[in-house]
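Every read-out reported here was derived from the displayed coordinates using simple, explicitly stated rules and does not represent laboratory data. Small disclaimer: the values here were computed from a predicted structure and weren't measured. Glycine also receives a Cβ, built like all others from the backbone with ideal geometry; neighbour counts cover every protein chain displayed.
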Amino acid sequence: MHITRGFKGKARADAATRDRVPPGQFVTSDFPILTAGPTQRTGLDDWTLSFQLDGKLLARWDWKELEALPQTEMKTDIHCVTKWSKLDTRWRGVTIDDLLRAAGLAESPAGFVMAHCDGGYSTNYAIADLIDSRAMVATHYEDSPLPASHGGPARMLVPHLYFWKSAKWIRRLAFKEQNVPGFWESLGDHLRGDPWREQRYSGDE
Amino acid sequence: MNSLLRWLLATVSQLHEETAGVKTISFDVPGWRGHVAGQHVDIRLTAEDGYVAQRSYSLASPAGPDPRIQLTVERVDDGEVSPFLLDELRVGDSIELRGPIGGYFTWSPGTAGPLMLIAGGSGIAPLMSMLRTRALASSRAPARLLYSSRSERHIIYRGELDRLHGARDGFILTHTLTREVPDGWTGERGRIGRTPLTQRGFAPRERPHVFVCGPTPFVDAIADHLVAIGHEESSIRTERFGPTGESK
């Protein structure tokens with residue numbers, strides 16, 4: 001550890017808050033926007049969500065069909081690799097478990113998933129990181145429809161991983177056997193991105 | 001991209017005030033492995049009680065293997081790290097940093113096609129690295145910068161940008177001032193809208209590589225304008241910073 005001469009930092013968070021903030025993160029009340037390119041604005045009439053299994057279409061929902069699926073609320077902390085964390089964010093959407101059930105799968109496939117988004121963004125997961133109520137396709141934030149700037153009409157919400165994994169403008173989940181790096185993962189970010197293990201970049205832990 | 005990004009000890013070699021509230025900090029970084037233009041570093045500050053703060057800053061110095069790197073830092077008034085960097089840090093001090101980080105918001109002189117840069121405020125830093133890299137490589141790639149500042153005294157790197165523009169090597173600089181415009185000002189005025197992007201930038205058919213860096217509302221507005229003008233979405237690379245004004 002290298003002590004930085006003269007650095008005091010700001011007032012420390014209380015112990016309860018501190019336990020909720022992963023290493024290297026700071027808490028913000030703002031909701032920063034980070035996107036590699038322009039904001040995508042897909043109308044609800046043109047929006048569909050597809051699940052693919054080994055390259056074949058497994059299921060597809062339009063907006064009304066998605067809204068008709070069981071809706072789950074999630075209150076959670078989120079952690080961006082650019083160092084900000086935001087506590088107690090409230091979301092609503094459809095869990096990946098419910099989507100898999102709606103797709104007719106009795107149990108989830110094994111292996112990995114690639115999320116594909118409007119604008120060409122992609123990100124990869126182990127399926128284990130998406131099931132058991134850990135992740136959803138979120139359509140609402142703090143009781144309002146998710147704005148386009150934050151990934152609306154629908155984004156992934158995988159809050160136990162760094163927030164680049166909560167891909168904005170989600171359109172397709174491709175289930176496959178192999179773990180292939182997505183957009184940021186092929187440009188130097190960590191393949192999994194667990195904030196508690198500080199897996200920010202390729203080579204971390 | 002697979003090698004470990006180790007924390008390195010960087011020693012401050014020079015501090016230069018660019019404008020009120022903006023300083024360029026030069027570091028010597030033994031073990032630095034070089035960078036390309038547009039990348040950033042993470043810095044890590046540790047207080048005596050073990051408290052740690054990390055932040056990211058763009059590299060402003062040109063690409064290459066030189067272990068002397070520069071960051072240009074703007075004060076965030078209620079910030080935790082930038083006031084320390086601007087007010088406390090002295091020549092000879094050391095801080096931890098690691099990098100380079102980021103493989104998307106980057107440009108190299110070998111890239112075919114024009115370079116179109118749009119900066120708001122201190123968002124000029126990574127774009128300055130691109131322009132410095134271009135100049136050092138004697139690249140003739142057509143390049144244009146639209147640079148939005150609040151007032152004349154807020155313009156960062158002003159003298160150097162004027163010199164780069166004056167070299168007449170294919171780089172054209174356009175300033176715009178959004179708040180205070182002095183008498184006799186020959187640049188643009190007001191926020192960058194579609195007209196200056198069309199008249200002072202490259203046309204979509206010229207297939208420029210577009211880099212936009214600045215505060216979030218600035219970048220959002222510019223990116224939307226660029227798409228509306230007809231630029232390919234995949235040609236527009238953005239970096240946003242600062243508050244969105246959304247407290248929820």
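Per-structure values
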| quantity | calculated |
| --- | --- |
| Criterion violated by residue B:49 - all others in (1) farther than 22 Å from residue B:154 by Cα; (2) part of a strand (DSSP E or B); (3) within 12 Å of chain A (Cβ to nearest Cβ) satisfied | (2) |
| All positions within segment B:220-241 that are surrounded by fewer than 20 Cβ atoms within 10 Å (Cβ to Cβ) and touching a helix residue (DSSP H, G or I) at 6+ places or on another chain (Cβ under 9 Å) | B:227, B:228, B:229, B:230, B:232, B:233, B:235 |
| Search result, residues across segment A:99-130 that are under 22 Å from residue A:162 (Cα atoms), buried (at least 17 other Cβ atoms within 10 Å of the Cβ) and more than 14 Å from chain B (Cβ to nearest Cβ) | A:112, A:113, A:114, A:115, A:116, A:124, A:125, A:127, A:129, A:130 |
| Entirely in segment B:159-248, the strands (runs of 3 or more DSSP E) that have 1 or more residues that are more than 14 Å from chain A (Cβ to nearest Cβ) | B:171-177 |
| Residue in segment B:86-98 that is loosely packed, with under 14 Cβ neighbours inside 10 Å and either in contact with a helix residue (DSSP H, G or I) (Cβ under 9 Å, 6 or more places away or on another chain) or closer than 29 Å to residue B:143 by Cα (or both) present | no |
| Residue match in segment A:50-59 (condition: loosely packed, with under 14 Cβ neighbours inside 10 Å, assigned to a loop (DSSP other than H, G, I, E, B), free of Cβ contacts under 8 Å to residues at least 40 places away in the same chain and away from every other protein chain (no Cβ under 14 Å)) | no |
| Long-range neighbours under 7 Å by Cβ, at least six apart or interchain, first residue under 15 Å from residue A:34 (Cβ atoms) and within 14 Å of chain B (Cβ to nearest Cβ) within segment A:168-195, second crowded, with 23+ Cβ neighbours inside 10 Å and among the small types (Gly, Ala, Ser) | A:168/A:151; A:169/A:151 |
| Candidates B:71, B:59, B:45, B:15, filtered to the one that is surrounded by fewer than 19 Cβ atoms within 10 Å (Cβ to Cβ) and among the hydrophobic types (A, V, I, L, M, F, W, C) | B:15 |
| Extreme residue, nearest to residue B:115 (Cα to Cα), among residues of segment B:171-201 that are surrounded by 14 or more Cβ atoms within 10 Å (Cβ to Cβ) and among the small types (Gly, Ala, Ser) | B:201 |
| Qualifying residue in segment A:158-166 (condition: charged (D, E, K, R) and over 22 Å from residue A:32 (Cα atoms)) | no |
| Elements of type strands (runs of 3 or more DSSP E) in segment B:66-146, at least 1 residues being among the polar types (S, T, N, Q) | B:68-74, B:94-101 |
